[in-house]
Amino acid sequence: MRACRPSSLDELRSVLGSDGEALKLIAGGTDLVIEVRAHPEREYSLVDLTSIPELSLISVEARQLCVGATSTHRDMETSPSVIKHATAISMAASSVGSTQIRNRGTVGGNLAHGSAAADTIPAMACLEAEAVVESCTGNQTVHSIENFITGRNSTVLEKGQFISSIKIPIREGRLSWFAKVGSRRAVTISKINLAASFYPDIPNKPVKIYIGAIASSPTRASKAEEELSRLISGSGCKDSFLRALSDTVADTIPGRSSLPYKREAIKGLGDQLWDHVKEVLR
Amino acid sequence: MNIQLTVNGQDRTVEISPDMRLLDLLRDVLGLISVKEGCSEGECGACTVIMDGKAVTSCTVMAFQAEGSDIMTTEGLAQRGELDPIQQAFMDNDAVQCGFCTPGMIMSTKALLMQNPDPSEEEARRALEGNICRCTGYIPIINAVLDAARRLRDEGL
Ligand code: FES
Ligand code: FES
C-alpha cells in the first residue's frame, strides 16, 4: 500500500495526473478504511484529501451556498450558512447518530462512496444541489445530485477525478426539512429517509420531495409533491399525501422483502413532514 | 514512512507503514493500550481518541492522515499520579464494569466537556451515542458524565 497527503489543490492535481489509475481518494475514512482492510489482496494507493484546506470551506457566493467536499457532518450541522440556506442538509448531517462519525465523515465522501443509505444525499437532492467534479487538468464538470450515483456503490466519478464542492442554489423564501427512520439507536445508517423543500409563502413555487435509502439514488416522490403543494395553496389531503408516498415506495422496490416495512415507515415520516409544513403555514 | 504528531502533549516522530490505522499506531507503535479495538468498523467507539479536539474512532482513520495532528488518549488524562476528574467520576458512579468500553467512553466525555462544560442529560447521551457498553446499561455512565462536568466546573471556580 502507498499513501500520500497533498497539501494543496495544485499538488492533488499533479498527483492525480501522474498516477491516476491506481489511486483511491480518502477523506474521513469512515467507509474507506473498512473497505481497504477487507481487501488486503488489493494494492491501494491512498491520497488523503483532509490535508487540503481549500476542500473544507463553506461559503456563500453569488446566491449559492458552496460546501467544500471534505466538510464533515459536524461542519454541516453547525455552520450557520448551512442551517439557514440548506436546513435539510444540516438536519440530515446531525441525524447521523455517532459523534465520532459526524466528526470525520464528509459530504463528498458520502457521494463518492455512492452509499444509498447516506442521509445527506436526499437532503441535497431536494435543494437542487450539484456536485462540482474536477479532473487533474483542472477541468470542471457539474452533476446533479439526483444523477450522481449510478448504481450500487458506483457513481459518475471517473479515475483521476475528485469532487471539489457541492453547490446549493439559495432561493428566496425556500425552506427545507429532513427526517429518517434508522436501524439502531446509535450509528443508524438509514433504513428510509425523507427530505423536502418548499416555499410556504409562495404557493405556485415547486415543492421537492425525495425518499432516500430505497434505491441507489434518491427517489423523487412527484405525486406527494403535488399533494403538499395543494396544502400550501390552502387545500390538500394528508391521507392522499401519505398514500402517494407509500405508492412511490411500492413502485420503486416491488417485491422486495423490506417493502411491507418501508411502505409503512414512509407514512410515519410523511406524517411528520405534513405536520411540520402545516405548523410553518400557521 | 515517518510522520510527526503530538500525542498526549508530547511531540513525536513515528515510523509507520502506509496500511496502519491510527489505532495501530497508538496501540502497537506507541504502546497506548487504553485504546481498545472492538468492532474495527467505527460502530462501537471502544477505540475513541481525541484528534484535534474532536472525538474520532481511531479504527477508521489511517495513521498517515494523523500527520501534524494533536492526539489525546486516556493515558494523557491523569496528572502527577492523580486521576482526572472524569476518570474519578466514572469510578465513583459505578460506570465501569468489565472496563472494555471505558477508555472510549472517557474520551468521548472529555471531548464533550472541552466544548460544553455544562451539558444537559440529552447532550451527554447524544455525545456518547457512538460508544457501546455491553455491561452497565448506560445509566451510570451518563450519571458519571454529568458528575464529571460538575466536578470540572467546581474545580474551575
Ligand atoms: S473498534 Fe473502532 S469503533 Fe469499534
Ligand atoms: S463496562 Fe463492559 S462494555 Fe462497558
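When each pair of different Cα atoms in chain A is counted once in the 1/r mean, what is the Kirkwood radius in angstroms, to one decimal? Walk me through the intermediate numbers first.
Numbers: mean 1/r = 0.0517 Å⁻¹.
For chain A, the Kirkwood estimate is 19.3 Å.
Compute, for chain B, the length of the dipole vector about the Cα centre, with Cβ point charges of +1 (Lys, Arg) and -1 (Asp, Glu) only. Units Debye, rounded to 20. If you can, show how the numbers build up before the last one.
Values: 13 positive and 24 negative charges, 26 e Å.
In debye, rounded to 20, chain B gives about 120.
Surface composition of chain A: carbon and sulfur atoms hold 48% of the protein heavy-atom accessible area at a 1.4 Å probe. Residues of the range B:7-51 whose accessible area, computed with a 1.4 Å probe over protein heavy atoms, drops by at least 10 Å² once all protein chains are present relative to their chain alone are B:Pro18, B:Asp19, B:Arg21, B:Ser40, B:Glu41, B:Gly42, B:Glu43, B:Met51. GNM on chain A, C-alpha springs below 10 Å: top fluctuator among A:Ala250, A:Ala22, A:Ala129? Residue with maximal mean-square fluctuation among A:Ala250, A:Ala22, A:Ala129: A:Ala22. When the other protein chains are added to the chain by itself, burial of at least 10 square angstrom of heavy-atom accessible area (probe 1.4 Å, ligands and nucleic acids ignored) affects these residues of the range B:95-139: B:Gln115, B:Arg126, B:Ala127, B:Glu129, B:Gly130, B:Ile132, B:Tyr138.
Excluding A:Leu269 itself, what net charge comes from residues whose Cβ is under 12 Å from its Cβ, given Lys and Arg +1 and Asp and Glu -1? Walk me through the numbers before you get to the answer.
Numbers: positive: A:Lys180, A:Lys191, A:Lys262, A:Arg263, A:Lys267; negative: A:Glu264, A:Asp271, A:Asp275.
That works out to +2.
Diffusion coefficient of the range B:85-154 by Stokes-Einstein, Kirkwood radius over Cα pairs, 25 °C, 0.890 mPa s: 213 µm²/s. Accessible surface for chain B, divided over its residues, is 45 Å² per residue with a 1.4 Å probe.
Accessible area lost on pairing B with A, both sides, 1.4 Å probe, Å² to nearest 100?
Approximately 2500 Å² gets buried when B meets A.
When the charge dipole of the range B:56-157 is built from unit charges on Cβ atoms (+1 for Lys and Arg, -1 for Asp and Glu) and taken about the Cα centre, the candidate among B:Leu112, B:Met91, B:Gly76 whose Cα reaches farthest toward its positive end is B:Met91. Applied to the range B:54-64, the Karplus parametrisation 6.51 cos²θ - 1.76 cosθ + 1.60 on θ = phi - 60° returns per-residue 3J(HN,Hα) values of 10, 5, 9, 8, 6, 7, 10, 10, 6, 4, 5 Hz, with x for Gly and Pro.
For chain A, what relative contact order do you get, as a whole percent, if you take Cα pairs closer than 8 Å and at least 6 residues apart? Could the numbers behind the result be given before it?
Working: 600 pairs, mean separation 42.5, N = 282.
Relative contact order, chain A: 15 percent.
Annotation: amide H-H contacts under 5 Å for B:Val61 (H modelled 1.01 Å from N, sequence separation of 5 or more, or interchain): B:Leu22, B:Leu23. The magnitude of the dipole of the range B:85-154, with charges of +1 and -1 set on the Cβ of Lys/Arg and Asp/Glu and taken from the Cα centre, is near 180 debye.
Taking Cα centre as origin and charging only the Cβ of basic (Lys, Arg, +1) and acidic (Asp, Glu, -1) residues, the dipole magnitude of the protein assembly as shown rounds to 1240 debye.
Per-residue surface analysis assigns A:Lys208 an accessible area of about 30 Å², computed on protein heavy atoms at 1.4 Å probe radius.
With contacts defined as alpha carbon pairs under 8 Å and 6 or more residues apart, what's the relative contact order of the range B:30-76 in percent?
Numbers: 57 pairs, mean separation 17.6, N = 47.
Result for the range B:30-76 is 37 percent.
Comparing A:Ala244, A:Ala93, A:Ala116 in a Gaussian network model of chain A (Cα springs below 10 Å), the most mobile by mean-square fluctuation is A:Ala244. Looking at chain A alone, DSSP beta bridges between its own residues are antiparallel in about 85 percent of cases.
The values are calculated or read from the model by the stated rules, or taken from the named source; none is laboratory data. What you see is a predicted model; the values in this text were computed from it and never measured. Glycine also receives a Cβ, built like all others from the backbone with ideal geometry; neighbour counts cover every protein chain displayed. Ligands, DNA and RNA are excluded from the accessible area calculation, which covers all protein heavy atoms including side chains. Shrake-Rupley method; radii C 1.70, N 1.55, O 1.52, S 1.80 Å.
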